[in-house]
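The values are calculated or read from the model by the stated rules, or taken from the named source; none is laboratory data. Values in this document were obtained by computation on a predicted structure and should not be read as measured data. Don't worry about glycine lacking a Cβ; one is built from the backbone with ideal geometry, like all the others, and counts go over all protein chains shown.
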Amino acid sequence: MRTDSVTPSRYNAAKADTRKGSFVVDSPNGSDAAPRGGDAANGSDRDFWIARIGSTIREHRTGRFTVEELAERAGVSAGLISQIERGIGNPSFATLLRLASSLGLPLATMFNEPEEGRHNMLVRKADRRRIEVPSQGVVMELIVPDTERKLGVVSMRIPAHFDGANTSDSHEGEECVIVQSGSLVATVAGQEFELEAGDSLTYDSSLPHWWHNRTDSAAVMLAISTPPSLGRAH
């Protein structure tokens, strides 16, 4: 995926007074830029999530890696990690993906609620966390309450003519995908599978896999993985 910046687009107040939201990858230049200007509500929302992302990275890094060690593993500068951990700037999607992978975390972990907001069982459709990549038309929604589970469930909207060959993924565990609408072509370890609505495919997710949509219409698939794998690319 392109290295566009991740910014939150909205949040809903949950019963426990925690925040859930959408995260839009919307910067055209792919830089780790400072947050853009906007109205006060959007700025407050954005600041909350940038601070939350920084806190999550620091929490999972401390005791395992120094800032310099994580920077070397992720291929980013130590100064950038320091800024992110302090809630400064607006890290790009690619930067967050590299940091999550280097820490062995699903990307969605970056957007988990504070501890007191976890342990929920119910997720209303309107409260799903979303990661959007407008430049490619890809939309990912977290179906389970958070990533602190043994099972990951993600809905993905794949736009027409999408070619995922450059986003080949592999991660530990097993994955089952179900095409809910449209049609897709899955490539797993070099073997192609044509899937129509209602079809499913189950595979060892340590094998390289990616998706193509060779039609003129968007497709939607549900990806179920254990352990959770959103953004855990290697």
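Screening residue 143 on (1) crowded, with 19+ Cβ neighbours inside 10 Å; (2) touching a residue at least 40 places away in the same chain (Cβ under 8 Å) shows it passes everything except condition (1).
The single residue among 173, 182, 164 that is under 21 Å from the mean Cα position of the chain (by Cα) and surrounded by 17 or more Cβ atoms within 10 Å (Cβ to Cβ) turns out to be 164. On the basis of being among the acidic types (Asp, Glu) and assigned to a strand (DSSP E or B), does residue 194 make the cut? Spelling it out, residue 194 is indeed among the acidic types (Asp, Glu) and assigned to a strand (DSSP E or B).
In this structure, residue 71 qualifies as free of Cβ contacts under 8 Å to residues at least 12 places away in the same chain and surrounded by 18 or more Cβ atoms within 10 Å (Cβ to Cβ). How many residues, within the range 175-191, are closer than 15 Å to residue 164 by Cα and part of a loop (DSSP other than H, G, I, E, B)? Qualifying residue count, the range 175-191: 2. Looking only at residues of the range 147-161 that are touching a strand residue (DSSP E or B) at 6+ places or on another chain (Cβ under 7 Å) and surrounded by 14 or more Cβ atoms within 10 Å (Cβ to Cβ), we find that the one that is modelled with the lowest pLDDT is 152. If you go through the range 150-167 and keep only what is of a type in the set (Gly, Ala, Ser) and touching a Leu at 6+ places or on another chain (Cβ under 8 Å), you end up with 152, 155.
Screening the range 123-138 for residues that are modelled with pLDDT of 80 or more and in a loop (DSSP other than H, G, I, E, B) and picking the one that is surrounded by the fewest Cβ atoms within 10 Å (Cβ to Cβ) gives 124.
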